[in-house]
Every structure is written in structure tokens, then in C-alpha cells.
1. Around A258, what is the net charge, scoring Lys/Arg as +1 and Asp/Glu as -1 over all other residues with Cβ under 14 Å from its Cβ?
2. If you take the Cα Rg of the chain and divide it by 2.2 N^0.38 Å, with N the number of residues, what do you get?
3. Going by alpha carbons, how many degrees (0 to 90, nearest 10) lie between the helix axis of 232-248 and the longest principal axis of the chain?
4. Taking H placed 1.01 Å from N in the peptide plane, check which residues at least 5 places from R164 or on another chain put their amide H under 5 Å from its amide H.
5. I need to check one value: relative contact order of the chain, counting alpha carbon pairs closer than 8 Å and at least 6 residues apart, in percent.
6. Sum up the charges of everything whose Cβ sits under 14 Å from the Cβ of A3, counting Lys and Arg as +1 and Asp and Glu as -1, but leave A3 out.
7. Tally the DSSP beta bridges in region 72-193 and give the antiparallel ones as a percent, rounded to 5.
8. Mind putting a number on the dipole of the chain about its Cα centre? Charges go on the C-beta only, +1 for Lys and Arg and -1 for Asp and Glu, and I need it in Debye to the nearest 20.
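What follows is calculated from the coordinates using simple rules that are stated; it is not laboratory data. Since we're looking at a predicted model, the values are computed, not measured. Glycine also receives a Cβ, built like all others from the backbone with ideal geometry; neighbour counts cover every protein chain displayed.
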Amino acid sequence: MVAFPTETVYGLGANALDEAAVDRIFCAKGRPATSPLIVHCADAAMARKYAANWPEAAEKLAERFWPGPLTLVLPKAAAIPLRVTAGLETVGLRVPRHPVALALLRAAQVPIAAPSANPFQGLSPTQAGHVLDTLADLILEGGPSEVGIESTVLSLVGAPTLLRPGMVTLAQLEEALGVTILRGPAVGGERAHASPGQHGLHYSPRTPLYLLQPGDPNPPGRGVRLVLPSDADSYARDLYAALHEADRQGWEWIAVAAPPETQDWDAIRDRLKRATHS
Ligand code: TXA
Ligand code: MG
């Protein structure tokens, strides 16, 4: 079991074809068995082997966005154990673009199942130093993650449906496919199990996090207001590191200004909403 860098966040990986290895990931994270893992592959040809079918849409998106921060959910091939997919007949497949992740995948010559390398519902790590050393046998150092938030998850089972927004945006996906993409269940919504693992409270720091509108007063007690970049890409890149750092400093609250309502900020608003308790 190895923690390794990807361009989104650090992952906690094990051989996706080995149930005992995959079990160790669930145990180490305290992750419920109902939460499926993403299977990482060295290239699209490898990913294709682990999908029971490979529609035209998968081919188009793989060509355009892989290697990169996009996970495609497809019917799974028999070789992928049900333990990996939380009993689902579908599998999330992704080709990451971090050179260390790709080198690891090529050396391993097997697909690697990997959730983010944090305890269940904790903040995802975007630096090797964020990964608890008790979590993995080995941590590969790959510098800070350049994207900074988890991959976009798109289901291609039935009508294309966005299950988790990410920095590959809905607009980019719709443009590439030439169709309208449905939006999956809202955060914490009643249909949460249509996308297992999309638990409402997720990605959160230990310190309560508040989203402040302009003019809002500070919450009571000693806290810190984070100042983050004004463009979405840099904001996403820096967000988790800023939250990890503020969490470490032991404040009574952390606050961030509510981000813009535009589509390029969708993924960031999604993560901030999940991280706030209110
Ligand atoms: O950027 C990322 O995706 C990172 C890096 C390490 O690749 N991984 C990551 O994994 O964020 P994790 O386990 O923290 O989140 C996986 C997400 C969950 O929301 C899960 O529900 C969804 O992917 N997912 C995985 N397989 C699925 C499936 N078969 N059907 C529906 N959703 C699936
Ligand atoms: Mg995670």
C-alpha cells in the first residue's frame, strides 16, 4: 500500500486486482465498504481493458482529457473485484497525469485502486507532508498537486451524468461530447446512494469552517479568515493546503469568503459546501 502523488490529490494505492490489498485501503482509511474506489491506469488502452464496454463517448473523453483529472464510470470488467467497486457492476477509471503516478503505474503493470490518502471524511492531501505516516507503508514525494481538488467523476452508464464536479468542467465535457450532461444527486441529497461515497460531510477540516458573505461578522472565538487567489485554478490548487495549515494551527474556526456563483467555480463551491458543517 503506497501513498503517491497525482495532479489532483495524493492517493492511497494498492493493486486493484488483489482483494486483500484493496481491503487494507478500506481498513487504513476507516472507509465504509459501500464507497467505491477509483481504478487508476497507465493509459487509455489499459483502462479500456477494465471496462466491460467502451462507448464512443469514453473514447472521445479519454482522447481529450487523459491523462488528467477526469474519472469515467463504466460497466466493470470481470477482472475488477466487487470489493473495489463496493458491490457495483460499474467501475470508476482514471489515467492521472502526474509523472510519478504514471511511473508507478507503468512499473506496477497492474491497475491501482486509490482513494485520496486521508482518513475517511478528512481533508485530501495535496502534499506528501499532509499524508499521515501511519496511513501508508510508503509515501512517494511528488511535490504539491497542481490541480489541488479531486477529479471530475462522470458516469457513462446510461445518459452521461456528472457525479462529482472537478476542474474538468461540465461545459468542457458537454463541448467534447456535443450533448447535455445531467447533474448527479446534490450534495447530501436523498439520492446520495445513487452515487455511493458521496456522503454529505466530506473533505472537511477538523476545525469548523464557515463560508462568509460580504459584510458577515466573524464567528465567535479565535479564528482565521483565509485569503485565497482570485482565479479558480489557483484557488483550487491552494485550497486544501491552506485548510491543512489552518487546521494545524488550532483555531476555533476557519472562514473563507463565499466564492463566485459562476460555473468555473462549481467544483470549488461543491468542496467548500461539503467541508462546512452548516
Ligand atoms: O482525484 C481523484 O479522483 C483522487 C485521486 C487519488 O485520483 N481520488 C479520489 O478518490 O478522490 P476518492 O475515493 O476519495 O473518491 C472517489 C469518488 C467517490 O465520490 C466515489 O463515489 C466515486 O469516485 N466513484 C468511484 N467509483 C464509482 C462508481 N463505480 N460509481 C459511482 N461513483 C464512483
Ligand atoms: Mg476522498
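1. 0
2. Normalised Cα radius of gyration, the chain: 0.96.
3. That works out to roughly 70 degrees.
4. V153
5. Here the relative contact order equals 21 percent.
6. Computed value for this residue: -1.
7. Roughly 65 percent of the beta bridges in region 72-193 run antiparallel, per DSSP.
8. 480 debye
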